[in-house]
1. Can you bin segment B:87-156 into rounded, prolate or oblate? Criterion: square roots of the alpha carbon gyration tensor eigenvalues sorted a ≥ b ≥ c, rounded for a/c under 1.5, prolate for a/b above b/c, oblate for the rest.
2. Just how much of B:T3 is accessible, in Å², when a 1.4 Å probe is used and the result is rounded to the nearest 10?
3. Using only the Cα atoms of segment A:45-114, build the gyration tensor, take square roots of its eigenvalues as a ≥ b ≥ c, and label the shape rounded, prolate or oblate: rounded if a/c is under 1.5, else prolate if a/b is larger than b/c, else oblate.
4. Using only helices, what value at 222 nm comes out for chain A when you add -39,500 (n - 2.57) per DSSP H run of length 4 or more and divide by the total residues, to the nearest 500 deg cm²/dmol?
5. I'd like the Karplus ³J(HN,Hα) series for segment A:134-145: coefficients 6.51, -1.76, 1.60, θ = phi - 60°, whole numbers in Hz, and an x wherever there's a Gly or Pro.
6. Loop only by DSSP, 15 or fewer other Cβ within 10 Å of the Cβ. Give me the chymotrypsin sites (Phe, Trp or Tyr not before Pro) in segment A:109-197 that pass, ordered by residue number.
7. Where nothing but the Cβ of Lys and Arg (+1) and of Asp and Glu (-1) is charged, how large is the charge dipole of chain B around its Cα centre, in debye to the nearest 20?
8. Whats the longest run of chain A with zero GluC sites (Glu not before Pro) that are DSSP loop and have at most 10 other Cβ atoms within 10 Å?
Amino acid sequence: MFTNIYRLIKYSFQSFWRQKLLSFATMVVILLVLMVFQGIFIFGAIGDSALQSIKDKIDVSLFFAVDAPEDEILAVKADVEGLDVVKEVEYISRAEALELFRARHTSDETITQALDELDENPLSASLNIKTKETEQLPVVAAYLNNLVPEHLVDEVSYNEDNKAIIDRLTAIITASEVVGIILALFLAIVAVLVVFNTVLLGIYSNRDEISIMRWVGASNIFIRGPFMGLGVIYGFLTATIVMIASIPIVYMIAPYVVLFVPDFDLVVWFSSHFILLYLSQIAISVGIGIISSIIAVNRYLDA
Amino acid sequence: MITFENVSKQYDDGRYTALEDINFEIKPKEFVSIVGRSGAGKSTIIRLLIGEERPTTGRVLFGDDEVSTMHPRDLPRVRRSIGTIFQNYRLLPRKSSYENVAFALEVAGVPERDIDDMVRESLDLVGLSDKADNFPHELSGGEAQRVAMARAMVNHPHLIVADEPTGNLDPLNTADVIKVLEQINDLGTTVILTTHNKDVVNKLNRRVIQLDGGHIIRDVAKGKYMLA
């Protein structure tokens, strides 16, 4: 068993080495496919992170009237928290609002002096409400407008522009991913054809060995195996090369990604997803190699 | 051991008949020469026997196996019991004599530890132990054919099929090759030799099946090559 596996691997590497120039050209094409897929994975992660950070920043704010009693405010808070679509509700009391306001404007003396001259706190309490999905924000805004007693409410603030930005960004990311996947699939088909051609040439140049194998009673798996092995070798090598080549690229672009999405550290993301990315790349490239080899072998290596 | 029963083989949708109503039986340890001029159907018989082709009608049996209807995945098992030798040697040019012989064992799944002994024994039997490291282009025609014979018999097959093995050889090398075939037969292996070399057949004085135009015209236990 192990002897046969060892020999299959040996013959696969022999085929690989005998047509090294062709193998190199074939691997370049597979590399292109994998690079596009790697781009899709990385771009997808950056896009998702950008989207998430924007989503995290938008909410519905309910500003209460200055004289609204706190117990009624807390009752509204409890009602809102009871809604299925609501993820998080933050209550900011009048005192906290003033504190935050002062902290934000410590360097502005005019504002600080104006606040000091006022006898009482001019700011109202508020609730900042985050929903599970951004699509649910208008629902919550409508609920607040319609169901919270009017005498308690000063203003319901919900910026519709944020939703439009998110929708536009989602559309751009989705469209880019679709274009990327179409390009990758097109390149994958090209790669399948190139590998197919390489395996075919391998079969042709090894035809003497193949016929001798048949005469001496080599089993079908022994005759076909090395050509399948060739596809697997191409797959493993190209996936490994792509992952190694990605390391300096990731380090190079990470500082620019931070400018675009401040919360996203590309290097950390790449390190934590390295194994998953490597396995995905192996699955894609070995898939290309195996599919091509199986087609070529079934077509040109009859029993 | 080998039975051809009412075997016919046609090509081009019946426009060309290579063999017609062939019937014969070969017993274990026999040495049989199948003779006839080019195109008589000798090589077709070999191809049918090793399962490379299927008869149009009739049955080909090797032991208990009906080769003519066998599933392709089962053919390797039968072929491992048959050593095949061809006119043009069919050695791998990038492998030495030793490696050519060992290759047959490797692809047959023989364990690494057994290969060395088997290869040296086989090369010894054909008298080429000293040429183990030579490549095919460094060998004479006779030596190359003997390496091919070593390869054919290295995994101790029940049958050796030699398809025109002396076609490219001078009389001296021809005699060497035939001598080795006789030695193999003496050791108990059945041998089928196809040839149109009259001298070889006459000198052997063994069973002769003579073909002409796809028909068996003679089958004698100890015979000579008669012109058809």
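The values are calculated or read from the model by the stated rules, or taken from the named source; none is laboratory data. Please read these numbers as outputs of a predicted model, since none were measured by experiment. In this analysis, Cβ positions are derived from the backbone assuming ideal geometry, glycine residues included, and neighbour counts consider all displayed protein chains. With ligands, DNA and RNA removed, areas are computed over all heavy atoms of the protein, side chains included. Shrake-Rupley method; radii C 1.70, N 1.55, O 1.52, S 1.80 Å.
1. Because a/c hits 1.5 or more and a/b exceeds b/c, segment B:87-156 counts as prolate.
2. Approximately 30 Å² for this residue.
3. oblate
4. Only helices count here, giving -26000 deg cm²/dmol.
5. Along segment A:134-145, the couplings run 5, 4, 8, 4, x, 5, 5, 4, 5, 4, 5, 4 Hz.
6. Counting only loop positions with at most 15 other Cβ atoms within 10 Å, none of the chymotrypsin sites (Phe, Trp or Tyr not before Pro) in segment A:109-197 qualifies.
7. 480 debye
8. The segment A:134-303 is the longest one with no such site.
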